[in-house]
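Enquirer: Below is the structure I would like to discuss, written out as structure tokens.
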Amino acid sequence: MNQPIVESSGGVTLIAGGPVTRRDLRFALARAPLLVAADGGGDRALALGQMPEAVIGDLDSLSEAGRAVLGERVHHLPDQDSTDFDKCLRSIDAPFVLALGVAGARIDHGLAVMNGLVRRADRLCLLIGPEDVVFAAPPEMRLRMAVGERFSLFPLAPVTGRSEGLRWPIDGLNFAPDGVIGTSNEVSAPEVRLCLDGPGMLVMLPRRGLDAVLSALAPGGRGPAPRRARGR
């Protein structure tokens, strides 16, 4: 395992080169104030008036002008066996990461990011999209949510489990990416409980559920000031 490039006792916002609005960036930074960029996300951060603490990736997207401005904040990880998103997750040591602009408009990029979420399920990372929050489910989880909210599950590996507080319980179902999936389920009680028999399940919620997820999975993660990137 490589040495972390960025260490933080609070949350980290990760920005990539896909579309990100100023409003979305403010939304994430209010909860995860340390900004890190994935490759071309360095240019995106600068265009939005933000200086990232570190830029991590194979640097095939970061502009020469961006490199000149960012200087020693840039960390080149040249291997081609992993995505820039994966390089960032394995290089950040923090209670949680909020990722913006990582999927972009390309379906293959989006699938690669979802793959990275479940492969790095030991790192709590939440993708923030225009309408959704997506994260890899831990073995057990309790969430306080409003009755009637959408609660979608999508497996990237064979998974079974049990649930409480969902309109359609998952007990006895054998989930698989080429079989049973659990999208468009619905919250039926103030608390949802999931118990899964293994890794590989993605949870997709309305974006307003982000704070409930952070309260459940990263309690206290928003408090202390972050530590700086290695080498700076």
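Enquirer: Quick one: which residues, 5 or more positions from Cys125 or on another chain, have an amide H under 5 Å from its amide H? H modelled 1.01 Å from N in the peptide plane, none for Pro or chain starts.
Expert: Here Val97, Ala136 satisfy the definition.
Enquirer: Enter the accessible area per residue of segment 78-230 (Å², integer; probe 1.4 Å; all protein chains in place).
Expert: 49
Enquirer: Further, regarding this structure: Under a GNM of the chain (C-alpha, springs under 10 Å), which listed residue has the highest mean-square fluctuation: Gly49, Gly66, Gly116?
Expert: Gly49
Enquirer: Compute the length gained on full extension between Ala176 and Arg150: take 0.36 nm times their separation in residues and subtract their Cα-Cα distance, giving the result in nm to one decimal.
Expert: 7.3 nm
Enquirer: A further question follows. Over all alpha-carbon pairs of segment 77-192, lay out the pair-distance distribution in 10 Å bins, whole %, shortest bin first.
Expert: Histogram of Cα-Cα distances, whole percents per bin: 12, 40, 35, 12, 1.
Enquirer: Out of segment 40-132, which GluC sites (Glu not before Pro) are coil in DSSP terms and have no more than 15 other C-beta atoms within 10 Å?
Expert: Hits after loop and neighbour filter: Glu131.
Enquirer: What is the pair-distance distribution P(r) of the chain, computed from all Cα-Cα distances in 5 Å bins starting at 0, with each bin given as a whole percent?
Expert: 1, 7, 15, 19, 19, 15, 11, 7, 4, 1, 0, 0
Enquirer: Please arrange Val97, Val118 by accessible surface area, largest first, computed with a 1.4 Å probe and ligands excluded.
Expert: From most accessible down to least: Val118, Val97.
Enquirer: Something else now. Starting from the Kirkwood Rh over alpha-carbon pairs, what translational D in µm² s⁻¹ does segment 82-126 have by Stokes-Einstein at 25 °C and 0.890 mPa s?
Expert: Roughly 231 µm²/s, to the nearest whole number.
The values are calculated or read from the model by the stated rules, or taken from the named source; none is laboratory data. Values in this document were obtained by computation on a predicted structure and should not be read as measured data. Methodologically, a virtual Cβ is constructed for each residue, glycine included, from the backbone with ideal geometry; neighbour enumeration extends over all protein chains shown. The area values use the complete protein model at the heavy-atom level, side chains included, leaving out ligands, DNA and RNA. Shrake-Rupley method; radii C 1.70, N 1.55, O 1.52, S 1.80 Å.
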